[in-house]
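Below is one structure, written out as structure tokens, with a few remarks after it.
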Amino acid sequence: MNPKWLEWGRKLQAIAQNGLSYACGPYDTERYELVRSIATEMISDESHTDPKIVRDIYTSETGYATPKIDVRGAVFAGDSILLVKEKADGCWTLPGGWAEVGESPSEAVEREVFEESGYRVRAVRLLAICDRGKRRHPPAPFHIYKLFFECQILEDRPEPPPVSVETDAAEFFSFDRIPNLSVPRVTPEEMRRLIQLHADPQAPTDFD
């Protein structure tokens, strides 16, 4: 679970962002800017992060604050699963990333799988919808929902994917030889549960 200071800071940031979106005058704007400053100070102090970094993250967000959507593709081949290697930490994860405006969730995950692995896939089943803060992920500055889709390969041989700034390898791993995972993106517990859901086509979608 997220630490309380992170929950408070994110709620303050959401209040500030919503208030600034609908502020009716300079006094309202000043008050909500102060709330955002408090949220920034709280999170930067507790996370030992440069306040400018936190401030830049939050000031880039406009409009009504809602949870962000992270989509992940679980691509199976027999008793193995496709993983990609993150440049940021050298660990492995399910291909995926942020859903973009104008995309459906399935379109987003199909795009992400291709961009990071070169495999053309079709999303065939929603395995799980998770609140990232309720799982064993490191703290994040925003509230995030994670959508895990089972995807079916359309072409056995991958195409050269676009150059990715986030990943630099893609490989299938057997279920009993999963490498070190990039836990900001997928946890060992989530991986085990996805494999269980894959094995039971009648299982309902997991959700928080």
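The values are calculated or read from the model by the stated rules, or taken from the named source; none is laboratory data. Since this is a predicted model, take the numbers as computed values, not measurements. Because the Cβ atoms are built from the backbone with ideal geometry, glycine has one as well, and the counts that use them run over all protein chains shown.
Tabulated data
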item: Index of the failed condition, residue 193 passing every other in (1) closer than 16 Å to residue 82 by Cα; (2) surrounded by fewer than 12 Cβ atoms within 10 Å (Cβ to Cβ); (3) not hydrophobic (A, V, I, L, M, F, W, C); result: (2)
item: Residues of segment 63-77 that turn out to be outside any strand (DSSP E or B) and in contact with an Asp or Glu (Cβ under 7 Å, 6 or more places away or on another chain), as a count; result: 0
item: Which numbered condition residue 123 fails, given (1) assigned to a strand (DSSP E or B); (2) over 19 Å from residue 161 (Cβ atoms); (3) over 16 Å from the mean Cα position of the chain (by Cα); result: (2)
item: Residues of segment 179-208 satisfying the condition of being hydrophobic (A, V, I, L, M, F, W, C) and out of contact with any Phe, Trp or Tyr (no Cβ under 7 Å at 6 or more places or on another chain); result: 183, 186, 191, 197, 199, 203, 207
item: Sole residue being among the aromatic types (Phe, Trp, Tyr) and either surrounded by 21 or more Cβ atoms within 10 Å (Cβ to Cβ) or not assigned by TED's automatic domain parsing to the domain that holds residue 174 (or both), chosen from 114, 142, 148; result: 148
item: Selected residue [of a type in the set (Asp, Glu) and within 13 Å of residue 58 (Cα to Cα)] from 33, 46, 7; result: 33
item: Condition met for residue 161 (part of a loop (DSSP other than H, G, I, E, B), touching an Asp or Glu at 6+ places or on another chain (Cβ under 9 Å) and not aliphatic (A, V, I, L, M)); result: yes
item: Test for residue 150: is it touching a Gly at 6+ places or on another chain (Cβ under 6 Å) and at pLDDT 95 or above; result: no
item: Cross-chain or 6+ apart pairs with Cβ under 8 Å, segment 1-15 first and under 12 Å from residue 36 (Cα atoms) and touching a residue at least 24 places away in the same chain (Cβ under 8 Å), then assigned to a helix (DSSP H, G or I) and of a type in the set (D, E, K, R); result: 9/46; 12/36; 13/36
item: Residue tally, condition in contact with a strand residue (DSSP E or B) (Cβ under 7 Å, 6 or more places away or on another chain), aliphatic (A, V, I, L, M) and outside any helix (DSSP H, G or I), over segment 98-120; result: 1
item: Condition check for residue 84: touching a Ser or Thr at 6+ places or on another chain (Cβ under 6 Å), part of a strand (DSSP E or B) and farther than 23 Å from residue 200 by Cβ; result: yes
